[in-house]
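Trainee: Following this message is one structure expressed as structure tokens.
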Amino acid sequence: MQRDEDLSTILSNVAADARPTTRTKIANSPETRAFLEIGLHLLRDDLLDHRGPDMLDEHDAGTRLFAGLSQARLIERADRIAAGEDRPTMLTVGMFRDRWRYKSRYTEDLIAYLMRPSLTERTMNELREAALNLPAGLPFPQLARYLADAVMSATMRDPLWSLQTIVWVALPNHPRVQRYLKARYEQWIAAWASTYEQLAARYDLRLRPGVTWLDVAEMFNAVADGARVRGMAMGAVASLSSGDSVVVGAIRAMMPTLFLNAENLADPGS
């Protein structure tokens, strides 16, 4: 941040009740800037540089990302859920303490539970089954549109997928997060490579020399990842002037570089 930048135009809450001239002076004071810089350092310590808690330290609550997950809040939410169920699971603080001595151990287990491979496998299986059950004579452009829409919808609307994204973005150096993210990514790419190979056989698509199905999956996934980030921030996946989503447009643009006979895949009548 530039030292001559007017922070009073950026900080809307600092000295909010002061007179305009006083507020501007306080906002641009060295002390205000120091508080903000220290805050950034703490965020880096708690999130970007977090390597996991000390499992033997009773006072280490784990990453600050989970600071709001107190035992009291967990039990209160459990009671609210139980009130609407015929056969609820009753939870108590004692039961929690029987399972996790320290909160840090609970949050580490929570990360593992959120990142467990079965969630990715379930999503992938549903998408794979839907794709492979599409009519055999479906023109490729229609298949591409369906598949792109299905993948974007399944991931962008899944709160667990969003939570996973928040965790791995917030804790990029956490060993367990790194391990689970790597496993999830490899699982996702390998499954898509196999799916694309089976779908391509319908259209007699032939890979160019030196290109593998993993390459195809990596490239298509890179496009989908970028579109997903934009879509989650803006509320919708970007569309091109043709009416196709940016995912479909990018995939169709890449096809000639990946396949020898991609020119045979145009829309009927186009």
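Trainee: Among all stretches of the chain without exposed GluC sites (Glu not before Pro) (DSSP loop, at most 15 other Cβ atoms within 10 Å), which one is longest?
Mentor: Excluding the exposed sites themselves, the longest stretch runs over 86-270.
Trainee: I would also like to ask the following. For the residue pair L7 and S241, what label-to-label distance in nm results when each label sits 7 Å from Cα along the Cα-to-beta-carbon direction?
Mentor: Each label point is offset 7 Å from its Cα along the Cβ direction, giving 4.6 nm.
Trainee: Sticking with this one: For volume of the Cα convex hull per residue in Å³, pick the label among (i) 229; (ii) 168; (iii) 141 that corresponds to the value derived from the coordinates.
Mentor: Matching entry in (i) 229; (ii) 168; (iii) 141: (i).
Trainee: Here's a follow-up. Note down the relative contact order for the chain as a percent, whole number, built from C-alpha pairs under 8 angstrom at least six residues apart.
Mentor: Rounded, it is 17 percent for the chain.
Trainee: Given the Cα-Cα distance of R122 and E186 and 0.36 nm per residue of separation, how much length would full extension add, in nm?
Mentor: Residue separation times 0.36 nm, minus the Cα-Cα distance, leaves 21.5 nm.
Trainee: Give me the one-decimal nm value for the distance between modelled label points at A72 and A16, 7 Å along each residue's Cα-to-Cβ direction.
Mentor: 2.5
Trainee: With +1 on each Lys and Arg Cβ and -1 on each Asp and Glu Cβ, how big is the dipole of the range 74-198 about its Cα centre, in debye rounded to the nearest 20? It would help to have the intermediate numbers written out before the result.
Mentor: Working: 17 positive and 14 negative charges, 109 e Å.
Rounded to the nearest 20 debye, it is 520 debye.
Trainee: OK, next. Sort F96, F259 so the one with the fewest other Cβ atoms within 10 Å of its own Cβ comes first. Don't skip to the answer; put the middle values down first.
Mentor: On the way: F96 15, F259 20.
Ordered from fewest to most neighbouring Cβ atoms within 10 Å, F96, F259 come out as F96, F259.
Trainee: Which order do K25, K182 fall in if you start with the one that has the fewest other Cβ atoms within 10 Å?
Mentor: Sorted ascending by nearby Cβ count, the order is K182, K25.
Trainee: Lys/Arg Cβ at +1, Asp/Glu Cβ at -1, dipole of the range 115-265 taken about the Cα centre: which of L119, A131, L199 is farthest positive-ward?
Mentor: Of the candidates, L119 comes out farthest on the positive side.
Trainee: Next question. Using Cα-Cα distances under 8 Å and only pairs 6 or more residues apart, what relative contact order does the range 86-212 have, in percent?
Mentor: Worked out over the range 86-212, it gives 37 percent.
Trainee: Once the dipole of the range 115-265 is set up with Lys and Arg at +1 and Asp and Glu at -1 on Cβ about the Cα centre, which of V237, P256, L163 lies farthest towards its positive end?
Mentor: Most positive-ward Cα: L163.
Trainee: Rounded to the nearest 500 deg cm²/dmol, what is the calculated helix-only ellipticity per residue at 222 nm for the chain, with -39500 (n - 2.57) per DSSP H run of length n ≥ 4? Working shown, then result.
Mentor: On the way: 11 runs with 161 residues, N = 270.
Calculated at 222 nm, the ellipticity per residue is -19500 deg cm²/dmol.
Trainee: Which of D215, D17, D98 has the fewest other C-beta atoms within 10 Å, and how do the rest follow up to the most? Don't jump to the answer; show the numbers that get you there.
Mentor: Working: D215 14, D17 6, D98 9.
Ranking D215, D17, D98 by Cβ neighbours within 10 Å, fewest first, gives D17, D98, D215.
Trainee: Once the principal axes of the Cα atoms of the range 7-48 are found, what is the range along each, listed largest first in whole angstroms?
Mentor: 37, 17, 14
Trainee: Also: Given a Förster distance of 41 Å, report the FRET efficiency between A112 and M254 from their Cβ-Cβ distance, rounded to the nearest 0.05.
Mentor: FRET efficiency, A112 to M254: 0.70.
Trainee: So, one more: How big is the charge dipole of the range 210-268 about its Cα centre, in debye rounded to the nearest 20, if each Lys and Arg gets +1 on its Cβ and each Asp and Glu gets -1 on its Cβ?
Mentor: The dipole of the range 210-268 has a size of about 200 debye.
Trainee: So if R0 is 22 Å, what FRET efficiency would L36 and I166 give, r being the distance between their Cβ atoms, rounded to the nearest 0.05? Mind showing how you got there, number by number?
Mentor: Numbers: r = 23 Å, r/R0 = 1.05.
Given R0 = 22 Å and the Cβ-Cβ separation, E is 0.45.
Trainee: Normalise the Debye intensity by I(0) for the range 64-107, one equal point scatterer per Cα, no solvent, then take log10 at q = 0.14, 0.23 Å⁻¹ and round to two decimals.
Mentor: -0.36, -0.82
Trainee: Placing one identical point scatterer on every Cα of the range 82-217 and ignoring solvent, what is log10 I(q)/I(0) from the Debye formula at q = 0.17, 0.21 Å⁻¹?
Mentor: Each listed q maps to, in turn, -1.03, -1.28.
Trainee: Using a simple charge model, +1 on the beta-carbon of Lys and Arg, -1 on the beta-carbon of Asp and Glu, nothing else, what dipole does the range 147-270 show about its Cα centre, in debye to the nearest 20?
Mentor: In debye, rounded to 20, the range 147-270 gives about 440.
FYI, it's all coordinate maths here, none of it is from the lab. Note that the structure is a prediction, hence the values are computed from the model and not measured. Ideal geometry is used to build each Cβ from the backbone, glycine not excepted, and the neighbour counts take in all protein chains shown.
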